[in-house]
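Reading through the structure tokens given below for one structure.
The values are calculated or read from the model by the stated rules, or taken from the named source; none is laboratory data. The shown structure was predicted, so the numbers you read here are calculated from the model rather than taken from an experiment. We place every Cβ from the backbone using ideal geometry, glycine too, and count neighbours over all the protein chains shown.
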Amino acid sequence: MFWEDESDLMNPELEGMISVFLPNPQSAPLLFCGVCGYWRDVAISTPALWSSITIHDDVNLETVKLWLQRSQNHPLSLLVSLHYDFPPDKLLRLLKMIYANMPRWQHVSLRLPTARDARHMLFNLISDEGLSPATQLQHLHLSIEYPDFEDFYSEALARLSLFPHSTLQRFTWGSYTMPDFPHLSTSLWLNLQQISFITTTARTLLSFLKACENIRFVNIQSLHTYVIVDPPTAPIITQNLQALNIGSMAGNLTELINLLVAPSLKRLSFTHRGGRGQSIGLKDFLERSACKLESLCLICKSLDFDEAETKTILFSSTFTAIPNFSLRLAEKACSPSFPQAIIAETAERWKSTAYAYHEPKNYTYHLGWGMLDIARFYGICYPFLVKQLQPVRKWSVALTDGPLTRA
């Protein structure tokens, strides 16, 4: 009920959407209590039903207190999203309840009203170097955007670097201000297996990959790949990187991949607006890495990524050896007959799962083969999924929403 299996997510070993419930009498788990007395008794006596909760500005503190009581000692999944005008006295009482249950934190997403609130949270989470009550914390998602406090970001990450428990393997940095990874302690980053960014640059990403030797999964909403100042003198080898998912890319793909070697890479997905030469650069990267790619998903929004670029890909055995391949071309970048013709000519090996069709809502042609398409753009709370009365999309591809879910 709480773990939504998604076998086609970029990292199935770790992921699934983390469901958190918006307290509402017409949604689970309160909905179960209204069926009959027996169901009510069962629901109230099942701590797991009350261990996942969303807290927004209109939260009722007594409801939060009730859910925390009914969850007993079960690990907690919490999504707390509060705006700057949240009443200070109410915030103080709410945070006191949440911090008292910090030893039960497992999956936690936090957006607090002010930098002062966020700093106070970090000092509760890590009271001193090597000391933290959050012994079960597996995933921490911080949405922090405080433009009037520029020093906050370096201070926050420096504090996080003192987190002592190896349980923390997934981290989301929800800020448009990026840290300087080479100047941070690596004690935290060595344990991480997955990280997500709202936005970052190729230079910052490369410095992070160099610092985080064990990272396996990287998810980026927006990547800027403009010319890198003082690039590394040799490619950075990411021995353990298995999946790289980039929602959108500004600049030239080759500015990143020319400086990267990923021998364990299995899944690669990105949206870009680059033009000619991208196919050759991608081919060189895959051959240099000598990885056994299982899935490659490209969304190409530039008219310069045309029939010639597509032929460079599909006439190469480097790409046709990939069992799951998805390419979306801008509809004006090729003739209407081209997608089906090129797939018929090059995808003989995969003809049982090959496809080519028009996606009018996305203004693209979609062609490829295989059963796996991970070309997805996730929302700002990813992987937390709020369950409520109104359906919420899990993800989108360009302009097309993925499946909806509700409580």
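Remarks
- In the stretch 311-330, residue surrounded by the fewest Cβ atoms within 10 Å (Cβ to Cβ) [restricted to those that are farther than 16 Å from L268 by Cβ and more than 28 Å from the chain's Cα centre (by Cα)]: S317
- Total residues in the stretch 360-371, condition assigned to a loop (DSSP other than H, G, I, E, B) and either among the hydroxyl-bearing types (S, T, Y) or crowded, with 22+ Cβ neighbours inside 10 Å (or both): 1
- If you go through the stretch 342-357 and keep only what is part of a strand (DSSP E or B) and either outside the structural domain of K301 (by the TED database) or surrounded by 14 or more Cβ atoms within 10 Å (Cβ to Cβ) (or both), you end up with Y355, A356.
- Some residue of the stretch 203-211 being assigned to a loop (DSSP other than H, G, I, E, B), without any contact (Cβ under 8 Å) to a residue 60 or more places away in the chain and more than 26 Å from S302 (Cα to Cα): no
- Residues of the stretch 221-244 that are buried (at least 20 other Cβ atoms within 10 Å of the Cβ) and either β-branched (V, I, T) or not in a loop (DSSP other than H, G, I, E, B) (or both): L223, T225, T238, A243, L244.
- Just one of (1) in contact with a Gly (Cβ under 9 Å, 6 or more places away or on another chain); (2) in a helix (DSSP H, G or I); (3) among the charged types (D, E, K, R) fails for D304. It is (2).
- Matching residues, the stretch 245-269, being within 12 Å of F285 (Cβ to Cβ) and part of a strand (DSSP E or B): L260, V261, L268
- Yes/no for H56 being modelled with pLDDT under 95 and closer than 23 Å to L385 by Cα: yes
- Residue count for the stretch 107-135 under the criterion of being under 17 Å from V64 (Cβ atoms) and either in contact (Cβ under 8 Å) with a residue 40 or more places away in the chain or not in a helix (DSSP H, G or I) (or both): the result is 7.
- So I380, is it surrounded by fewer than 19 Cβ atoms within 10 Å (Cβ to Cβ) and among the hydrophobic types (A, V, I, L, M, F, W, C): yes
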